[in-house]
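Here the structure is laid out as structure tokens; the discussion comes afterwards.
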Amino acid sequence: NRTRFVETDVDGAFSFQYRPQSAQTGPTDVQVRYMPDQSSGYRADTASFTATVRQVTPTLALERSPSRLGYGDELTITTTVRVDGAGVSAIPVELRIDGTLFKRVITGQNGAVTTAIRFPADVPAGNQTIAAVIPYEARAIAGERTAAPLTVESTPVTMSMNTTRDADTIAVNGTVSTEEGERVSGQPVRISVDGAPQGSVRTDRNGRFSTQLPIDAISEGADTVTVTARYDET
């Protein structure tokens with residue numbers, strides 16, 4: 001599915017080199033077409049031959065910095081794809097942390113690509129792995145995987161909350177943030193009234209959460225209740 005244009009030399013000959021990368025392995029038909037100008041005295045012609053695409057295994061390298069980080073830190077990743085010591089461009093590489101795909105990048109002219117990931121909150125704390133994967137099967141460039149260890153630190157958070165009651169509901173509003181004041185988005189907060197679970201809500205992009213509790217969550221005859229918001233993800 002690719003076309004190359006070349007010109008004949010003074011002897012009418014031409015040549016070029018092409019190294020397949022994403023082509024399927026096995027036999028493939030190659031068509032050569034002579035396409036003269038309209039004013040040319042020569043006619044067009046076509047020839048074809050069959051080439052066999054063989055698979056080669058690349059060298060996939062992965063560098064990451066830092067190796068120890070927590071929520072909100074920037075993780076810089078450089079991946080390099082080489083064959084016989086030469087960088088291979090236009091190769092897709094998937095970056096996975098704890099088995100979850102976080103980013104897909106494409107190698108540049110020298111076979112390398114550098115990218116950054118702002119570390120999310122939903123990667124479990126402890127010893128984890130970042131992996132670079134070439135997601136190819138039965139291609140001229142073989143699929144490959146390499147990995148490096150990461151130490152994920154647990155970041156303490158603080159919560160604030162207030163409640164107001166009207167005739168029919170209890171309004172609950174609060175925030176979840178790190179000790180440095182950075183708001184934590186997309187995290188579950190469990191709500192209970194006098195110890196009775198009332199479901200959970202997620203923080204928005206600004207780390208805020210809010211919900212409306214029905215008035216029947218209050219025991220009949222109670223003058224006051226305790227509303228608890230809890231974030232205890234591992």
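The values are calculated or read from the model by the stated rules, or taken from the named source; none is laboratory data. What you see is a predicted model, and the numbers here were worked out from it, not measured in a lab. Methodologically, a virtual Cβ is constructed for each residue, glycine included, from the backbone with ideal geometry; neighbour enumeration extends over all protein chains shown. Ligands, DNA and RNA are stripped out before the accessible areas are found, and what is left, the full protein with its side chains, is counted by its heavy atoms. Shrake-Rupley method; radii C 1.70, N 1.55, O 1.52, S 1.80 Å.
What percent of all Cα-Cα pairs in the stretch 98-234 falls in each 5 Å bin, counting up from 0?
2, 8, 15, 15, 12, 11, 9, 8, 7, 6, 4, 3, 2, 1, 0, 0
Between Thr129 and Tyr18, how many nm apart are label points set 7 Å from Cα along the C-beta direction?
Taking the two extended label points, one gets 3.8 nm.
Using a 1.4 Å probe, what is the accessible area per residue for the chain, in Å²?
On a per-residue basis, 66 Å².
Give me the net charge of Ser48's neighbourhood, meaning all other residues with Cβ under 12 Å from the Cβ of Ser48; Lys, Arg count +1, Asp, Glu -1.
-1
So for each of 157-170, 131-144 I average, over its residues, the number of other beta carbons within 10 Å; can you give me the resulting order with the highest mean first?
Top of the packing list down: 131-144, 157-170.
Find the relative contact order for the stretch 88-193 and round it to a whole percent, using C-alpha pairs within less than 8 Å whose residues are 6+ positions apart.
Once normalised by length, the contact order is 19 percent.
For the chain, calculate the relative contact order in percent as a whole number, restricting contacts to Cα pairs under 8 Å that are 6 or more residues apart.
Once normalised by length, the contact order is 14 percent.
Distances over 31 Å make up what percent of all Cα-Cα pairs in the chain?
Percentage above 31 Å: 53.
Return the carbon/sulfur percentage of the accessible area of the chain, one whole number, probe 1.4 Å, all protein chains in place.
43
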